[in-house]
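The structure appears right after this line, and notes come after that.
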Amino acid sequence: MNPEKDFAPLTPNIVRALNDKLYEKRKVAALEIEKLVREFVAQNNTVQIKHVIQTLSQEFALSQHPHSRKGGLIGLAACSIALGKDSGLYLKELIEPVLTCFNDADSRLRYYACEALYNIVKVARGAVLPHFNVLFDGLSKLAADPDPNVKSGSELLDRLLKDIVTESNRFDLVGFIPLLRERIYSNNQYARQFIISWILVLESVPDINLLDYLPEILDGLFQILGDNGKEIRKMCEVVLGEFLKEIKKNPSSVKFAEMANILVIHCQTTGGPSGSCDSSFSSGISVFTPASTERAPVTLHLDGIVQVLNCHLSDTAIGMMTRIAILKWLYHLYIKTPRKMFRHTDSLFPILLQTLSDESDEVILKDLEVLAEIASSPAGQTDDPGPLDGPDLQVRHSELQVPPTGRAGLMNTPGTKGLECSPSTPTMNSYFYKFMINLLKRFSSERKLLEVRGAFIIRQLCLLLNAENIFHSMADILLQEEDLKFASTMVHTLNTILLTSTELFQLRNQLKDLRTLESQNLFCCLYRSWCHNPVTTVSLCFLTQNYRHAYDLIQKFGDLEVTVDFLTEVDKLVQLIECPIFTYLRLQLLDVKNNPYLIKALYGLLMLLPQSSAFQLLSHRLQCVPNPELLQTEDSLKAAPKSQKADAPSIDYAELLQHFEKVQKKHLEVRHQRSGRGDHLDRRVVL
């Protein structure tokens, strides 16, 4: 957080206390915020109230610094307390940043988020009901939290929310049912207990008629009835018993026809629901058990199924939950019948790419899972997917021998997908490169998609597939890109992801050490595309510890057209050097003798910058370098240790430098052509 930034109307003392590591000091700051907001409420100054909430949200609760996030959470709770009955006017702004902290890796932060949301909900009471679905969604995740303190805090918040729903007559049951229908299929025992407890509460409220929606959740209830936990089964039996009472009281309003098929299916499974078939489930329904316990062979007519799924997915009018259900079906079919499904991939591929522009992150995630399965499935590596007719279920899942970055990684180790394999691992098929080409085309034609969701999509793909393959293939494709402006923007996006995303940790480590032929090839591949953007090329050299080449590149910057955008990127690179990702680089500044070109490169960046905050930041950093008079070039280079990457024998740095100059000359020609047509805004800086 920038200490010189103006956070008015928050005073410097409040800002300092909110960032403090001690809870007591943050609490004092919260009391000051409460007092400040009360004054604004008395003055009816809504502008300042919104400004305080926005500052606490963006600058603190969503900060990268953990203590700042804690301060933001307690500050937002203090705002809610000060607002009192008026807090309902600002609930969206108050709730959203707190819910984001529910996903924090730090259990203490998750606990503080529970505490903050508890105070917000306690003040707002019934006003939170329009936001019930997002609250329920957040609580359902915390119900299975491994930290006991977080679970305890979430249970307190859960009880408060149940009290509010019970005493209110404004609960939106219609809007809640789709979310309940989805979450009822959770396999986690704590999540199941959470769901069952809410069904019990809703069933007990006189103004809520949950019986009308029983067919939509009955299948899920029977799934829970087969849980291994005795307590969960007992809770589920109580719920079903309550529904049975309601059915007997109001038989005319019961949708028997919609429930009959669900009952028949579960009664035909081994032992029926939960291992036994109670006659009161089957009352009035005749269930005929086949003489043979063996099931007849199942033949899937995929043409019709895929046609229906494709048709619905193409319909922009369908809801989010329906789109997610369709994508789950497609993913399931690709898993279970891969050979036959690949015959439909050409027709499905365009709509799957189009779905990446969906407004819902959940839809995009499911869509990426399907696309990743298509791109990595062994069934896509052959031109003969197999016969059209006959059951495809004979190819068992275990017989496919999919490597970790394929289906096995996707289903079993979601936290380490794509991190175990090198590009030589045969996990990709002919659709992988086609997918990468079309994805980049979509980013090129929909710049808003790249700006808003580009990083999100690429980071998720790095989890689902092999990160090195993704970066290698995109760099290859961008090397041939004719739209140079898009190529520069895309390279900048990829570089930011490479340097900052946790998903790319292993790839960064691989590039830090260029001693292997594979890592050198990857560096050269990335470098040639990174040349579309001069500053990102230097940052790649810093990442790979190619400090002499970085210095040589910066020397070429004097021949480039210096624009505001160019200087802005240099400014961002200086800020990035101060981040944890470049800790090793800053420590290497202590070894002046063996890293002369690192220091000269940083001084080169300093000379490029105007007198700005970034200039001061880098200048102060370089002032900490010991014994600057020891800066040497040729002698130091000869004595450089093996860790110095500038002398990697298999990399022709002179050729790379020529390539950089060639690409930059091409960019300059295109800019001049645009300027001649009058459609280019000249943003050169007069120095």
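For the range 143-222 and the range 34-69, what is the separation of their C-alpha centers, rounded to whole Å?
Rounded to whole Å, the Cα centres lie 32 Å apart.
Gain in length, residue 591 to residue 85, computed as 0.36 nm per residue apart minus the alpha-carbon separation, to one decimal in nm? Could the numbers behind the result be given before it?
Working: separation 506, 0.36 × 506 = 182.16 nm, distance 6.07 nm.
Between residue 591 and residue 85, full extension yields 176.1 nm more.
How high is the relative contact order of the range 113-234, given as a whole-number percent (alpha carbon pairs under 8 Å, six or more residues apart)? Present the calculation step by step, with values, prior to reporting the outcome.
Details: 87 pairs, mean separation 30.7, N = 122.
Relative contact order for the range 113-234 comes out at 25 percent.
Compute the Cα gyration tensor for the range 196-239, then decide on rounded, prolate or oblate, letting a ≥ b ≥ c be the square roots of its eigenvalues: rounded whenever a/c is under 1.5, prolate when a/b is larger than b/c in the other cases, and oblate in all that remain.
Working: a/c = 3.61, a/b = 1.61, b/c = 2.25.
The shape class here is oblate.
For the range 555-595, take every pair of Cα atoms, bin their distances at 5 Å starting from 0, and report each bin as a whole percent.
For the range 555-595, the binned pair fractions read 6, 18, 18, 18, 18, 16, 6 percent.
Quote the convex hull volume per residue of the range 108-164, based on C-alpha atoms, as a whole number of Å³. Intermediate results must be reported in sequence, preceding the final value.
Values: hull volume 3.6 nm³, N = 57.
With only Cα atoms used, the range 108-164 gives 62 Å³ per residue.
I'd like the Karplus ³J(HN,Hα) series for the range 49-62: coefficients 6.51, -1.76, 1.60, θ = phi - 60°, whole numbers in Hz, and an x wherever there's a Gly or Pro.
Per residue, the Karplus-derived 3J(HN,Hα) values read 4, 4, 5, 4, 5, 5, 5, 4, 6, 6, 8, 10, 4, 9 Hz.
If you bin every alpha carbon distance in the range 460-595 into 5 Å steps from zero, what whole percent lands in each bin?
Result returned by the calculation: 2, 9, 19, 24, 22, 15, 7, 2, 0.
Equivalent ellipsoid semi-axes for the range 27-126, as square roots of 5 times the alpha carbon gyration tensor eigenvalues: give them largest first, rounded to whole Å.
Values: eigenvalues 89, 38, 25 Å².
Semi-axis lengths for the range 27-126 are 21, 14, 11 Å.
What does the extension gain come out to for residue 621 and residue 506, with contour length at 0.36 nm per residue minus their alpha carbon separation?
Values: separation 115, 0.36 × 115 = 41.40 nm, distance 2.78 nm.
Using 0.36 nm per residue and subtracting the Cα-Cα distance, I get 38.6 nm.
Using 0.36 nm times the number of residues separating residue 354 and residue 27, minus their current alpha carbon distance, what extension gain do you get?
On the way: separation 327, 0.36 × 327 = 117.72 nm, distance 4.80 nm.
The residue 354-residue 27 span can extend by a further 112.9 nm.
Using a Debye calculation, one point per C-alpha and no hydration shell, please list log10 I(q)/I(0) for the range 123-221 at q = 0.14, 0.16 Å⁻¹ in order.
After summing over all Cα pairs, the log10 values are -0.50, -0.67.
Given a Förster distance of 45 angstrom, what is the FRET efficiency for residue 35 paired with residue 105, based on the Cβ-Cβ distance and rounded to 0.05? Don't skip to the end; give the middle numbers.
Numbers: r = 33 Å, r/R0 = 0.74.
The pair residue 35/residue 105 has a calculated efficiency of 0.85.
Which FRET efficiency, nearest 0.05, do residue 483 and residue 144 yield, Cβ-Cβ r, R0 56 Å?
Numbers: r = 46 Å, r/R0 = 0.82.
Efficiency at R0 = 56 Å is approximately 0.75.
Given a Förster radius of 41 Å and the C-beta distance between residue 448 and residue 661 as r, what FRET efficiency does 1/(1 + (r/R0)^6) yield to the nearest 0.05?
Details: r = 33 Å, r/R0 = 0.81.
The value I calculate is 0.80.
Based on the mean of other Cβ atoms within 10 Å per residue, sort peptides 343-353, 218-228, 169-179, 75-85 so the most packed one is first. Don't skip to the end; give the middle numbers.
Values: 343-353: 15.5, 218-228: 18.9, 169-179: 13.7, 75-85: 23.3.
Sorting 343-353, 218-228, 169-179, 75-85 by mean packing, highest first, produces 75-85, 218-228, 343-353, 169-179.
Using a 1.4 angstrom probe on the protein heavy atoms only, line up 358, 163 by accessible area, largest first.
Details: 358 30, 163 85 Å².
Ranking 358, 163 by accessible area, largest first, yields 163, 358.
Using the scaling law 2.2 N^0.38 Å as the reference, what is the normalised Cα Rg of the range 442-516?
Values: Rg = 12.6 Å, N = 75, 2.2 N^0.38 = 11.3 Å.
That ratio works out to 1.11.
Residue 131 accessible area, nearest 10 Å², 1.4 Å probe?
50 Å²
Once the Cα atoms of the range 503-561 are picked out, what are the Rg and Dmax in Å?
11.8, 36
Starting from the Cα of residue 189, step 7 Å along the direction of its Cβ; do the same at residue 234; then give the gap between the two resulting points in nm.
1.3 nm
Starting from the Cα of residue 137, move 7 Å in the Cα-to-Cβ direction to define the label point; list residues of the range 193-226 whose amide nitrogen is under 18 Å from there.
195
As I understand it, the dipole of the range 489-563 uses +1 on the Cβ of Lys and Arg and -1 on the Cβ of Asp and Glu, about the Cα centre. Which of 502, 557, 531 lies farthest toward its positive end?
Positive-most Cα among the choices belongs to 502.
The values are calculated or read from the model by the stated rules, or taken from the named source; none is laboratory data. Keep in mind that what you see is a predicted model, and the values were worked out from it rather than measured. Here Cβ is always computed from backbone atoms with ideal geometry, including for glycine, and neighbour counts include all displayed protein chains. Just so you know, the surface numbers come from the protein's heavy atoms only, side chains and all, with ligands and any DNA or RNA stripped out. Shrake-Rupley method; radii C 1.70, N 1.55, O 1.52, S 1.80 Å.
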